[in-house]
(Lines give C-alpha, C1' and ligand atoms only; values in the text may rest on other atoms or scores of the structure.)
Protein backbone atom coordinates (compact mmCIF):
# COMPACT_ATOMS: atom_id res chain seq x y z
CA UNK A 1 0.00 0.00 0.00
CA UNK A 2 1.48 3.31 -1.03
CA UNK A 3 1.32 6.60 0.80
CA UNK A 4 -0.75 7.94 -2.10
CA UNK A 5 -3.55 5.56 -1.08
CA UNK A 6 -3.69 7.23 2.32
CA UNK A 7 -5.91 10.27 2.56
CA UNK A 8 -5.29 10.79 6.27
CA UNK A 9 -2.33 9.69 8.36
CA UNK A 10 -1.16 10.39 11.86
CA UNK A 11 2.27 9.71 13.28
CA UNK A 12 2.77 9.43 17.03
CA UNK A 13 -0.35 11.48 17.72
CA UNK A 14 -0.43 12.27 21.44
CA UNK A 15 -2.54 14.54 23.62
CA UNK A 16 -2.12 15.14 27.32
CA UNK A 17 -4.40 17.03 29.70
CA UNK A 18 -2.72 18.11 32.93
CA UNK A 19 -0.41 15.13 32.90
CA UNK A 20 -3.13 12.65 31.88
CA UNK A 21 -2.43 11.09 28.48
CA UNK A 22 -5.77 10.83 26.67
CA UNK A 23 -4.29 9.71 23.34
CA UNK A 24 -0.86 8.13 23.09
CA UNK A 25 1.29 7.53 19.99
CA UNK A 26 -1.56 6.92 17.57
CA UNK A 27 -0.47 5.95 14.06
CA UNK A 28 -3.70 6.04 12.10
CA UNK A 29 -3.87 5.42 8.35
CA UNK A 30 -7.13 6.04 6.55
CA UNK A 31 -7.24 4.68 3.02
CA UNK A 32 -8.86 6.79 0.29
CA UNK A 33 -12.38 5.71 -0.68
CA UNK A 34 -13.02 3.59 2.40
CA UNK A 35 -15.23 3.73 5.49
CA UNK A 36 -12.94 3.67 8.51
CA UNK A 37 -14.37 3.36 12.01
CA UNK A 38 -12.72 4.39 15.26
CA UNK A 39 -14.26 2.40 18.09
CA UNK A 40 -13.55 1.48 21.67
CA UNK A 41 -15.11 1.35 25.11
CA UNK A 42 -15.99 4.57 26.92
CA UNK A 43 -12.90 6.53 27.90
CA UNK A 44 -10.82 4.93 25.13
CA UNK A 45 -9.80 8.29 23.64
CA UNK A 46 -12.04 8.19 20.54
CA UNK A 47 -13.44 11.68 21.00
CA UNK A 48 -10.05 13.21 21.84
CA UNK A 49 -8.59 11.57 18.74
CA UNK A 50 -11.45 12.91 16.62
CA UNK A 51 -11.05 16.40 18.06
CA UNK A 52 -7.35 16.32 17.19
CA UNK A 53 -8.12 15.29 13.61
CA UNK A 54 -10.73 18.05 13.20
CA UNK A 55 -8.40 20.62 14.79
CA UNK A 56 -10.60 21.31 17.81
CA UNK A 57 -7.60 20.29 19.87
CA UNK A 58 -3.89 20.68 19.18
CA UNK A 59 -1.73 17.60 19.70
CA UNK A 60 0.83 17.64 22.50
CA UNK A 61 3.10 15.83 20.04
CA UNK A 62 2.88 13.94 16.76
CA UNK A 63 1.84 14.87 13.23
CA UNK A 64 -1.27 14.77 11.06
CA UNK A 65 -1.15 14.51 7.26
CA UNK A 66 -4.07 14.99 4.86
CA UNK A 67 -3.53 14.01 1.26
CA UNK A 68 0.23 13.93 1.80
CA UNK A 69 0.43 17.43 3.30
CA UNK A 70 1.06 18.09 6.94
CA UNK A 71 -1.91 19.79 8.63
CA UNK A 72 -0.82 19.42 12.27
CA UNK A 73 -0.89 23.17 12.87
CA UNK A 74 -3.51 24.14 10.29
CA UNK A 75 -6.61 26.01 11.45
CA UNK A 76 -10.01 24.26 11.33
CA UNK A 77 -11.20 26.60 8.54
CA UNK A 78 -8.12 25.81 6.45
CA UNK A 79 -8.69 22.05 6.60
CA UNK A 80 -12.39 22.54 5.88
CA UNK A 81 -11.40 24.33 2.67
CA UNK A 82 -9.30 21.30 1.72
CA UNK A 83 -12.45 19.17 2.06
CA UNK A 84 -12.10 17.74 5.57
CA UNK A 85 -15.66 18.25 6.81
CA UNK A 86 -16.95 17.22 10.19
CA UNK A 87 -20.63 16.44 10.63
CA UNK A 88 -21.86 18.29 13.65
CA UNK A 89 -24.54 16.85 15.75
CA UNK A 90 -27.95 18.43 15.74
CA UNK A 91 -26.76 21.71 17.27
CA UNK A 92 -25.35 22.69 13.88
CA UNK A 93 -28.71 22.86 12.17
CA UNK A 94 -31.03 25.81 12.66
CA UNK A 95 -34.14 24.32 14.27
CA UNK A 96 -36.60 27.01 13.12
CA UNK A 97 -35.54 26.90 9.50
CA UNK A 98 -36.68 24.15 7.16
CA UNK A 99 -34.36 21.36 5.96
CA UNK A 100 -34.14 22.95 2.51
CA UNK A 101 -33.05 26.26 4.08
CA UNK A 102 -30.52 24.51 6.31
CA UNK A 103 -28.96 22.72 3.36
CA UNK A 104 -28.97 25.91 1.25
CA UNK A 105 -27.00 27.71 3.97
CA UNK A 106 -24.41 24.91 4.00
CA UNK A 107 -24.28 24.95 0.19
CA UNK A 108 -23.36 28.59 -0.06
CA UNK A 109 -20.61 28.46 2.55
CA UNK A 110 -18.06 27.27 -0.03
CA UNK A 111 -19.41 29.90 -2.44
CA UNK A 112 -18.72 32.65 0.07
CA UNK A 113 -22.22 34.06 -0.41
CA UNK A 114 -23.85 35.31 2.74
CA UNK A 115 -27.43 34.22 3.40
CA UNK A 116 -28.47 37.85 3.88
CA UNK A 117 -27.15 39.00 0.54
CA UNK A 118 -29.01 36.63 -1.73
CA UNK A 119 -30.27 39.02 -4.34
CA UNK A 120 -30.71 36.95 -7.42
CA UNK A 121 -33.75 34.73 -7.66
CA UNK A 122 -31.89 32.57 -10.19
CA UNK A 123 -29.24 31.90 -7.54
CA UNK A 124 -31.97 31.08 -5.00
CA UNK A 125 -33.65 28.69 -7.41
CA UNK A 126 -30.36 26.97 -8.16
CA UNK A 127 -29.53 26.62 -4.46
CA UNK A 128 -32.98 25.26 -3.72
CA UNK A 129 -32.74 22.70 -6.53
CA UNK A 130 -29.34 21.49 -5.31
CA UNK A 131 -30.60 21.44 -1.70
CA UNK A 132 -33.60 19.35 -2.76
CA UNK A 133 -31.28 16.92 -4.59
CA UNK A 134 -29.24 16.46 -1.42
CA UNK A 135 -32.36 16.02 0.71
CA UNK A 136 -33.50 13.40 -1.81
CA UNK A 137 -30.17 11.64 -1.42
CA UNK A 138 -30.73 11.29 2.34
CA UNK A 139 -34.44 10.40 2.05
CA UNK A 140 -35.80 13.74 3.25
CA UNK A 141 -37.34 15.16 0.08
CA UNK A 142 -40.85 14.86 1.56
CA UNK A 143 -39.80 16.92 4.59
CA UNK A 144 -38.03 19.72 2.70
CA UNK A 145 -40.33 22.50 3.89
CA UNK A 146 -41.21 21.27 7.38
CA UNK A 147 -39.65 23.15 10.32
CA UNK A 148 -36.51 21.22 11.30
CA UNK A 149 -37.55 21.27 14.95
CA UNK A 150 -40.51 19.05 14.02
CA UNK A 151 -38.43 16.28 12.45
CA UNK A 152 -37.88 12.96 14.23
CA UNK A 153 -34.47 12.32 15.77
CA UNK A 154 -33.43 9.97 12.95
CA UNK A 155 -34.49 12.50 10.32
CA UNK A 156 -32.52 15.24 12.07
CA UNK A 157 -29.42 13.06 11.88
CA UNK A 158 -30.10 12.49 8.17
CA UNK A 159 -30.35 16.28 7.76
CA UNK A 160 -26.93 16.70 9.40
CA UNK A 161 -25.51 14.32 6.82
CA UNK A 162 -27.17 16.33 4.02
CA UNK A 163 -25.68 19.60 5.33
CA UNK A 164 -22.28 17.90 5.55
CA UNK A 165 -22.61 16.65 1.96
CA UNK A 166 -23.52 20.20 0.91
CA UNK A 167 -19.99 21.25 1.82
CA UNK A 168 -18.62 18.74 -0.68
CA UNK A 169 -16.43 16.70 1.65
CA UNK A 170 -13.42 14.80 0.36
CA UNK A 171 -13.08 13.27 3.82
CA UNK A 172 -16.27 13.16 5.85
CA UNK A 173 -15.88 12.88 9.61
CA UNK A 174 -18.90 11.51 11.47
CA UNK A 175 -19.09 11.69 15.23
CA UNK A 176 -21.22 8.86 16.72
CA UNK A 177 -23.76 9.01 13.85
CA UNK A 178 -26.15 6.52 15.51
CA UNK A 179 -25.94 7.79 19.08
CA UNK A 180 -29.27 7.74 20.90
CA UNK A 181 -31.11 5.92 18.11
CA UNK A 182 -33.47 2.99 18.13
CA UNK A 183 -32.83 -0.02 15.85
CA UNK A 184 -34.94 1.27 12.98
CA UNK A 185 -33.14 4.62 12.82
CA UNK A 186 -29.74 2.93 13.25
CA UNK A 187 -30.46 0.71 10.25
CA UNK A 188 -31.67 3.68 8.19
CA UNK A 189 -28.67 5.87 9.00
CA UNK A 190 -26.26 2.96 8.44
CA UNK A 191 -27.71 2.41 4.97
CA UNK A 192 -27.55 6.15 4.34
CA UNK A 193 -23.84 6.33 5.28
CA UNK A 194 -23.08 3.37 3.01
CA UNK A 195 -24.92 5.15 0.19
CA UNK A 196 -23.25 8.55 0.56
CA UNK A 197 -19.80 6.98 0.95
CA UNK A 198 -19.59 6.29 -2.79
CA UNK A 199 -16.62 8.24 -4.11
CA UNK A 200 -15.79 9.64 -0.67
CA UNK A 201 -13.79 8.66 2.36
CA UNK A 202 -15.55 8.44 5.70
CA UNK A 203 -13.95 8.31 9.12
CA UNK A 204 -16.37 7.83 11.95
CA UNK A 205 -16.28 7.49 15.69
CA UNK A 206 -18.91 4.96 16.71
CA UNK A 207 -19.72 2.79 19.70
CA UNK A 208 -22.20 0.50 17.98
CA UNK A 209 -20.13 -2.51 16.92
CA UNK A 210 -23.00 -4.12 15.04
CA UNK A 211 -23.47 -0.99 12.93
CA UNK A 212 -19.73 -0.75 12.25
CA UNK A 213 -19.51 -4.45 11.36
CA UNK A 214 -21.95 -3.97 8.50
CA UNK A 215 -20.30 -1.04 6.72
CA UNK A 216 -16.72 -0.35 7.85
CA UNK A 217 -13.84 -1.50 5.65
CA UNK A 218 -11.33 -0.93 8.44
CA UNK A 219 -11.88 -0.74 12.18
CA UNK A 220 -9.37 0.76 14.61
CA UNK A 221 -10.02 -0.20 18.21
CA UNK A 222 -8.76 2.19 20.87
CA UNK A 223 -8.31 1.37 24.51
CA UNK A 224 -6.98 3.78 27.11
CA UNK A 225 -5.73 6.11 24.39
CA UNK A 226 -3.77 3.52 22.42
CA UNK A 227 -4.51 1.38 19.37
CA UNK A 228 -5.48 -2.06 20.63
CA UNK A 229 -6.24 -3.66 17.27
CA UNK A 230 -6.94 -2.82 13.66
CA UNK A 231 -8.34 -4.61 10.64
CA UNK A 232 -11.63 -5.64 9.13
CA UNK A 233 -14.52 -6.70 11.36
CA UNK A 234 -13.70 -10.41 11.31
CA UNK A 235 -10.10 -9.81 12.40
CA UNK A 236 -11.02 -7.32 15.11
CA UNK A 237 -13.93 -9.37 16.49
CA UNK A 238 -11.71 -12.44 16.75
CA UNK A 239 -9.00 -10.58 18.68
CA UNK A 240 -8.94 -11.83 22.30
CA UNK A 241 -7.80 -8.43 23.63
CA UNK A 242 -10.70 -6.72 21.90
CA UNK A 243 -13.14 -9.26 23.32
CA UNK A 244 -11.73 -8.57 26.76
CA UNK A 245 -11.91 -4.78 26.33
CA UNK A 246 -15.57 -5.01 25.36
CA UNK A 247 -16.56 -7.49 28.04
CA UNK A 248 -19.11 -6.20 30.48
CA UNK A 249 -19.40 -2.71 28.97
CA UNK A 250 -23.01 -1.88 28.36
CA UNK A 251 -24.39 -1.72 24.81
CA UNK A 252 -20.96 -2.47 23.48
CA UNK A 253 -20.86 -6.22 23.17
CA UNK A 254 -19.28 -7.70 20.08
CA UNK A 255 -22.29 -9.91 19.50
CA UNK A 256 -24.33 -9.35 16.37
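The values are calculated or read from the model by the stated rules, or taken from the named source; none is laboratory data. Quantities reported herein were computed from a predicted structural model and do not represent experimental measurements. Every residue, glycine as well, gets a Cβ built from its backbone with ideal geometry; the counts of neighbours run over all protein chains shown.
State all residues of the stretch 128-151 that are without any contact (Cβ under 8 Å) to a residue 12 or more places away in the chain and under 17 Å from residue 96 (Cα atoms); if no residue qualifies, say none. Listed by number, the list holds a single entry, 150.
The selection criterion, being modelled with pLDDT of 85 or more, part of a loop (DSSP other than H, G, I, E, B) and either farther than 19 Å from residue 162 by Cα or touching a strand residue (DSSP E or B) at 6+ places or on another chain (Cβ under 8 Å) (or both), does not hold for residue 78.
In the condition set (1) assigned by TED's automatic domain parsing to the domain that holds residue 51; (2) under 16 Å from the mean Cα position of the chain (by Cα); (3) without any contact (Cβ under 8 Å) to a residue 40 or more places away in the chain, residue 199 is compliant with all but (3).
Residue check: residue 16 meets all listed conditions (1) outside any strand (DSSP E or B); (2) surrounded by fewer than 22 Cβ atoms within 10 Å (Cβ to Cβ) but one, namely (1). Being crowded, with 21+ Cβ neighbours inside 10 Å, outside the structural domain of residue 125 (by TED's automatic domain parsing), in contact with a helix residue (DSSP H, G or I) (Cβ under 7 Å, 6 or more places away or on another chain) and farther than 30 Å from residue 126 by Cβ is a description that does not apply to residue 71.
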